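S.K.: I have a structure here, written as structure tokens, and I will follow up with some questions on it.
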Amino acid sequence: MMAEAQLFVSQDEFTCSMCLDTLTDPVSIPCGHSFCLKCLTNFWDQSEVCNCPQCRHIFTTRPELHRNTVLDVVVKKIKKPRFSPHLSEDYAAPGNMECDACTGMKFRAVKSCLTCMISYCQTHLQPHFEIAAWKDHKLVDPDRNLKDKVCAKHQKSLEIFCKTDETCICMMCVVTGHEGHEKVELETERKEKQKQLGSTLRKIRRRLMKRQRKLKETRRAVEQMKISVEREVEENEKIFTDLIHCIEDARKKLVERIREQGKRETEKAEGVVEQLEKEIEELKKRDAELKELSETKDHIHFLQTFSSSCVLPADEDSPSFTVTADFSSEDLRKELSNLKNNLEKISQWNIMTLTPLDFCPLTLDINTAHSELRLSEENKKVTREETETEYPDHPDRFDYCPQVLCREALTGTRCYWEVECSGDNMLIGVAYKGLSRKGEGDECSLGFNDKSWSLQCFYSQYFDYHNSQQTVICAPYSPRIGVYLDWPAGSLSFYSVSHTMTLLHRLNTSFTEALYPVFSLDPDCSVTICHLTPCEH
């Protein structure tokens with residue numbers, strides 16, 4: 001193996017200086033240089049002087065050329081691919097570190113020496129195990145960045161870690177620039193840092209799992225949103241198609257009815273016209289006869305004809321007909337106008353799009369809670385109980401109505417929140433701060449005055465209240481209610497929330513001051529303010 005390795009070390013000596021390739025049919029000349037037989041022969045055949053192409057030594061007579069058999073054997077071994085299969089594994093392949101001590105063909109480095117600052121193959125590494133002075137050298141796995149392992153100031157290997165300066169130092173640094181500093185061996189600091197690394201890795205992995213879970217939830221929400229979009233488009237397309245067909249059918253029937261009525265009226269009028277024209281002809285004929293009789297000179301003829309000509313038939317009422325010139329119906333026009341207005345409203349309909357900025361974290365205000373209301377879960381849940389809680393007196397507290405306000409004042413913005421309801425009867429709504437707190441009148445009750453608006457969840461049914469006006473809402477029941485306040489637009493919407501959001505009721509008004517979320521509960525009922533995340537919507 002060593003002999004073959006040595007052949008590779010001196011490979012350049014077996015290259016023809018004329019063709020710069022490995023010798024083919026090598027020949028040697030008296031000056032000692034060797035060339036390919038063909039290369040040298042062609043060179044001498046074209047030269048006037050017979051000299052060595054390399055050293056320019058001139059020969060008086062052209063030397064006779066003979067193949068150098070020993071050199072030919074060596075060259076043929078060189079030309080063999082990689083000598084032997086087991087040896088080829090020691091040569092540096094692309095991506096491997098090469099031995100810095102090898103010349104010519106490079107072997108793969110197996111160790112790097114931090115003392116020598118050199119990387120060695122297995123062969124050139126051997127002296128580190130055999131020479132006593134080299135046995136204490138610091139050997140590590142092959143490292144391309146040996147310069148980083150050496151002190152830039154003293155050119156010594158880094159062996160100590162200075163905890164004070166948080167840096168690796170050499171033994172010279174220990175005594176020249178880091179006196180009094182806390183220092184430990186590299187292995188000791190590595191163990192400490194390894195623990196910190198493990199802790200950081202665990203945090204990263206937890207964070208990664210959280211992000212991956214959020215990504216999965218977001219993608220699922222996007223897929224659900226796409227399905228919802230397609231479903232909504234399909235359902236609304238069907239409704240509009242049916243509506244268009246209904247409108248077209250109604251238009252055709254209306255036109256047909258108007259035309260039929262016009263035809264009937266025309267036929268009636270035509271009968272009257274025919275009768276009148278007949279009577280007119282008869283009267284014109286009688287008029288002409290009487291005129292002719294009045295002009296006759298024959299007295300006998302006049303007297304004989306007078307009786308029959310001057311006696312007119314009884315003047316009966318001529319056929320009468322009232323022409324209906326205007327077929328318009330005020331009621332019909334009003335209904336069509338209302339339909340047109342509703343269609344215009346639909347074309348201006350805005351789909352509610354929620355962003356995390358719209359989510360409104362609410363907190364119940366304990367200073368407003370009625371004594372039968374108990375707050376829990378960091379003032380996110382209210383429950384009405386039979387036993388009273390001894391709250392301190394406060395001017396904002398409801399003393400009769402079992403109600404509680406939230407602390408947050410909502411004004412000039414868009415806000416969305418959700419609550420989970422439990423029980424048979426509770427009201428969810430908003431009110432101005434001026435909602436009365438003392439007494440049992442309507443001025444204190446949520447939804448029964450002009451200062452508050454509410455949705456009542458009553459035994460799986462919904463009712464909307466404002467200023468004592470009730471609106472019955474027909475919709476599937478869900479214990480989770482969403483409230484969307486668009487204060488600038490004067491819009492308050494209530495939604496039933498399950499796997500989809502269903503609009504229960506929307507009212508439009510003009511808000512004049514800040515609004516506060518309010519809850520009113522019957523016994524054994526509770527309302528919990530939900531924590532919202534973007535993935536839920």
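Condition check ((1) touching a helix residue (DSSP H, G or I) at 6+ places or on another chain (Cβ under 8 Å); (2) at pLDDT below 80) across all residues:
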residue	(1), (2)
MET1	yes, yes
GLU4	yes, yes
GLU13	no, yes
THR24	yes, no
CYS36	no, no
LEU71	yes, no
VAL75	yes, no
ILE78	yes, yes
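S.K.: If you go through segment 159-175 one residue at a time, do you hit one that is more than 50 Å from the chain's Cα centre (by Cα) and modelled with pLDDT under 85?
M.R.: The answer is no; no qualifying residue exists.
S.K.: Yes or no: ASP442 charged (D, E, K, R), in a loop (DSSP other than H, G, I, E, B) and out of contact with any helix residue (DSSP H, G or I) (no Cβ under 6 Å at 6 or more places or on another chain)?
M.R.: In short, yes.
S.K.: Hey, another quick one. For segment 95-108, give me each residue that is within 50 Å of the chain's Cα centre (by Cα) and either charged (D, E, K, R) or at pLDDT below 85 (or both).
M.R.: The answer is GLY95, GLU98.
S.K.: If you don't mind, there's one more thing I want to ask. Of the residues GLU408, GLU385, only one is modelled with pLDDT under 95 and farther than 27 Å from HIS499 by Cα; which?
M.R.: Testing whether each residue is modelled with pLDDT under 95 and farther than 27 Å from HIS499 by Cα leaves just GLU385.
Condition check ((1) touching a strand residue (DSSP E or B) at 6+ places or on another chain (Cβ under 8 Å); (2) within 30 Å of SER498 (Cα to Cα)) across all residues:
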position: THR176; (1), (2): no, no
position: LEU186; (1), (2): yes, no
position: LYS203; (1), (2): no, no
position: LEU208; (1), (2): no, yes
position: ARG211; (1), (2): no, yes
position: LYS216; (1), (2): no, yes
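Each row is one residue, and each column tells you yes or no for (1) more than 32 Å from the chain's Cα centre (by Cα); (2) at positive phi; (3) among the polar types (S, T, N, Q).
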{"position": "SER347", "(1), (2), (3)": "no, no, yes"}
{"position": "ASP358", "(1), (2), (3)": "no, no, no"}
{"position": "THR368", "(1), (2), (3)": "yes, no, yes"}
{"position": "GLU385", "(1), (2), (3)": "yes, no, no"}
{"position": "CYS401", "(1), (2), (3)": "yes, no, no"}
{"position": "GLY412", "(1), (2), (3)": "no, yes, no"}
{"position": "GLU418", "(1), (2), (3)": "no, no, no"}
{"position": "SER436", "(1), (2), (3)": "yes, no, yes"}
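S.K.: If you don't mind, there's one more thing I want to ask. Out of all the residues in segment 21-58, which are part of a strand (DSSP E or B) and of a type outside the set (Gly, Ala, Ser)?
M.R.: Result: THR22, PRO26, VAL27, PHE35, CYS36, ASN51, ILE58.
S.K.: With LEU427, LEU455 as the choices, which residue is touching a Ser or Thr at 6+ places or on another chain (Cβ under 9 Å) and either farther than 22 Å from VAL382 by Cα or buried (at least 20 other Cβ atoms within 10 Å of the Cβ) (or both)?
M.R.: On inspection, the qualifying residue turns out to be LEU427.
S.K.: Next up: Go through (1) more than 30 Å from LEU332 (Cβ to Cβ); (2) surrounded by fewer than 11 Cβ atoms within 10 Å (Cβ to Cβ); (3) of a type in the set (D, E, K, R) for LYS252 and report which single condition fails.
M.R.: That leaves (1) as the condition not met.
S.K.: Now for a different question. Scan segment 119-165 for residues that are surrounded by 13 or more Cβ atoms within 10 Å (Cβ to Cβ) and among the hydroxyl-bearing types (Ser, Thr, Tyr) and jot them down.
M.R.: If the condition is that a residue be surrounded by 13 or more Cβ atoms within 10 Å (Cβ to Cβ) and among the hydroxyl-bearing types (Ser, Thr, Tyr), then SER119, TYR120, THR123, SER157 are the ones that fit.
The values are calculated or read from the model by the stated rules, or taken from the named source; none is laboratory data. These numbers come from a predicted model, not from an experiment. With ideal geometry, Cβ positions are generated from the backbone for all residues, glycine too; neighbour counts draw on all protein chains shown.
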